[in-house]
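The values are calculated or read from the model by the stated rules, or taken from the named source; none is laboratory data. In this text, all values refer to a predicted model and were calculated from it rather than measured experimentally. Here the Cβ positions follow ideal geometry from the backbone for every residue, glycine too, while neighbour counts run over all protein chains shown. Side chains are part of the model used for accessible areas, which takes the heavy atoms of the whole protein and leaves out ligands, DNA and RNA. Shrake-Rupley method; radii C 1.70, N 1.55, O 1.52, S 1.80 Å.
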Amino acid sequence: MTRRRASVLAASLAIAALLTGCASGLSEDGEPLDAEQAEALAQTRFQLSTTDEFGAEITVGAADDVDHYVVHATVSHDDGVAWGTLERGPEGLAVSEQIAFGSQTVAIDAGSGWQVSALEGQYAELAVVFSLVADRPENSELLRQSDARFLGVESSDDVEYEVYRLPSDDGAGATTRMWLNEGRLGRLDDGGDEFVVAIKEAAGDERPEGLLEMLGAGADE
């Protein structure tokens with residue numbers, strides 16, 4: 001077990017600090033968490049850890065931006081690696097490539113073999129998926145004392161979600177939101193649509209051979 005995963009609340013704050021965005025159509029200010037809401041939010045990452053693998057659709061950038069991309073990934077949180085398909089470019093004109101990544105390294109295969117590089121720049125935010133699981137629940141009392149807020153209920157794809165804003169690390173207010181359906185994480189976003197992680201069933205994509213060795217330091221050890 002790494003020290004990074006030992007403090008689940010610290011992971012929440014790290015995600016809240018990493019992501020930025022604008023307010024949504026939900027309540028702008030939100031309401032302080034009650035005991036039931038704090039407990040639901042505290043259990044979220046722990047519940048996701050009960051599956052060996054999960055699927056994640058990660059969208060970064062505006063749909064018409066040349067730097068826009070969508071990653072359809074299978075995430076193995078035990079190994080700290082993910083793999084799947086990268087669709088890079090404006091929506092409707094995107095180029096499809098294979099992708100694999102860990103917390104520090106990304107590998108992309110555009111058809112001529114894997115090219116491995118540091119997970120930074122435009123792909124740095126992919127590492128957030130490894131912070132979505134934890135080996136224990138968060139402290140619900142600390143969440144109630146924080147500036148985390150319940151923003152309301154919203155439907156997406158005929159599913160009703162309770163939407164929460166995560167606590168900030170400096171008391172200045174965060175924009176990162178978690179969408180929960182019956183206590184399970186369905187979506188993480190930056191307060192808008194330009195950074196979205198939608199949690200799905202693992203797609204069952206074939207895991208690239210020698211993935212851990214290829215990513216090297218990218219594996220979350």
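Tell me, please, whether a residue that is in contact with a helix residue (DSSP H, G or I) (Cβ under 6 Å, 6 or more places away or on another chain), at pLDDT 95 or above and not in a strand (DSSP E or B) can be found in region 144-159.
Step one: of region 144-159, the residues in contact with a helix residue (DSSP H, G or I) (Cβ under 6 Å, 6 or more places away or on another chain) are 144, 150.
Applying the additional criterion that residues be at pLDDT 95 or above yields 144, 150.
Retained after the next criterion (residues that are not in a strand (DSSP E or B)): 144.
Yes - at least one qualifying residue is present in region 144-159.
Given the structure, is ASP189 touching a helix residue (DSSP H, G or I) at 6+ places or on another chain (Cβ under 6 Å) and among the charged types (D, E, K, R)? Steps first, answer last, please.
On the way: touching a helix residue (DSSP H, G or I) at 6+ places or on another chain (Cβ under 6 Å): no; among the charged types (D, E, K, R): yes.
Answer is no for this residue.
Looking at ALA94, ALA73, ALA62 in this structure, which one is within 19 Å of the chain's Cα centre (by Cα), farther than 30 Å from PHE46 by Cα and aliphatic (A, V, I, L, M)? Walk me through it before giving the result.
Details: ALA94 fails: within 19 Å of the chain's Cα centre (by Cα); ALA73 fails: farther than 30 Å from PHE46 by Cα.
Just a single option satisfies the conditions, and that option is ALA62.
Give the residue, chosen from GLU87, GLU53, GLU120, GLU97, that is among the charged types (D, E, K, R) and open to solvent by less than 30 Å² (accessible area, probe 1.4 Å). Before the answer, list the steps.
Values: GLU87 fails: open to solvent by less than 30 Å² (accessible area, probe 1.4 Å); GLU53 fails: open to solvent by less than 30 Å² (accessible area, probe 1.4 Å); GLU120 fails: open to solvent by less than 30 Å² (accessible area, probe 1.4 Å).
Result of the check over GLU87, GLU53, GLU120, GLU97: GLU97.
How many residues does region 36-50 hold that are farther than 30 Å from TRP83 by Cβ and either free of Cβ contacts under 8 Å to residues at least 60 places away in the same chain or open to solvent by 50 Å² or more (accessible area, probe 1.4 Å) (or both)?
2
Looking at (1) touching a Lys or Arg at 6+ places or on another chain (Cβ under 9 Å); (2) assigned to a loop (DSSP other than H, G, I, E, B); (3) not β-branched (Val, Ile, Thr), which is the one condition that is false for TRP179?
(2)
Go over the candidates ASP193, ASP189 one by one and state the one that is surrounded by fewer than 21 Cβ atoms within 10 Å (Cβ to Cβ) and touching a residue at least 60 places away in the same chain (Cβ under 8 Å). If you could, list the steps in order and put the result at the bottom.
Details: ASP189 fails: surrounded by fewer than 21 Cβ atoms within 10 Å (Cβ to Cβ).
Only one candidate passes the filter, namely ASP193.
Any residue in region 85-111 that's free of Cβ contacts under 8 Å to residues at least 40 places away in the same chain: show its pairings with residues that are aromatic (Phe, Trp, Tyr) and open to solvent by 30 Å² or more (accessible area, probe 1.4 Å) at Cβ separation under 8 Å, as long as the two are six or more apart or on different chains.
As it stands, the answer is ILE108/TRP114, since those pairs meet every condition given.
Right, ALA174: crowded, with 19+ Cβ neighbours inside 10 Å and of a type in the set (A, V, I, L, M, F, W, C) or not? If you could, list the steps in order and put the result at the bottom.
On the way: crowded, with 19+ Cβ neighbours inside 10 Å: yes; of a type in the set (A, V, I, L, M, F, W, C): yes.
Spelling it out, ALA174 is indeed crowded, with 19+ Cβ neighbours inside 10 Å and of a type in the set (A, V, I, L, M, F, W, C).
Taking GLU97 as the residue in question, decide whether it is part of a helix (DSSP H, G or I), over 20 Å from ASP193 (Cα atoms) and at pLDDT 95 or above. Show your work before the answer.
Details: part of a helix (DSSP H, G or I): no; over 20 Å from ASP193 (Cα atoms): yes; at pLDDT 95 or above: yes.
Against the criterion (part of a helix (DSSP H, G or I), over 20 Å from ASP193 (Cα atoms) and at pLDDT 95 or above), GLU97 does not qualify.
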